[in-house]
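Notes follow the structure.
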Amino acid sequence: QVQLVESGGGLVQAGGSLRLSCAASRIIVSGTTMNWDRQGPGKQRELVATISSGGSTNYGGSVKGRFTIFRDNAKNTVYLRMNSLKPDDTAVYYCNVPDSNGGVWGQGTQVTVSS
């Protein structure tokens, strides 16, 4: 079955940057829509960024201009570059492939932004 493995999370100071990775197996990332979602403490899960099979990208309002989703087809990996991080960005970040059955999700990677 499809597997997604996130990495790259950690502790960073406000204003800093991180790059998250989502390595996929048994699916071709360039052939499907891939999302990054996040869930912060006490918050609902929210969609952060999307990249379509054609390469189009969309972002949630709170991260637009600071985060960039991109992929490396040769590595079959999707990335989320996060700049100008804020404490409100603290969350577990999940990559996922949406489908009609709830999608396929990775295990998540923790991002903590200190003030």
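The values are calculated or read from the model by the stated rules, or taken from the named source; none is laboratory data. In this text, all values refer to a predicted model and were calculated from it rather than measured experimentally. Don't worry about glycine lacking a Cβ; one is built from the backbone with ideal geometry, like all the others, and counts go over all protein chains shown. Please note that ligands, DNA and RNA were not included when accessible areas were found on the heavy atoms of the full protein model with its side chains. Shrake-Rupley method; radii C 1.70, N 1.55, O 1.52, S 1.80 Å.
Against the list (1) open to solvent by less than 20 Å² (accessible area, probe 1.4 Å); (2) of a type outside the set (Lys, Arg); (3) without any contact (Cβ under 8 Å) to a residue 40 or more places away in the chain, the condition LEU20 fails is (3).
Answer yes if at least one residue in segment 22-31 is in contact with a Cys (Cβ under 7 Å, 6 or more places away or on another chain) and not aromatic (Phe, Trp, Tyr), and no otherwise. Walk me through how you get there before you give the answer.
Kept after step one, since they are in contact with a Cys (Cβ under 7 Å, 6 or more places away or on another chain), are these residues of segment 22-31: 22.
Of the ones still in play, those that are also not aromatic (Phe, Trp, Tyr) are 22.
Yes - at least one qualifying residue is present in segment 22-31.
Here the strands (runs of 3 or more DSSP E) wholly within segment 56-115 that include at least 3 residues being closer than 13 Å to CYS22 by Cβ are 67-72, 77-82, 91-97. Out of all the residues in segment 81-100, is one or more of a type in the set (S, T, N, Q) and open to solvent by 70 Å² or more (accessible area, probe 1.4 Å)? The answer is yes; a qualifying residue exists.
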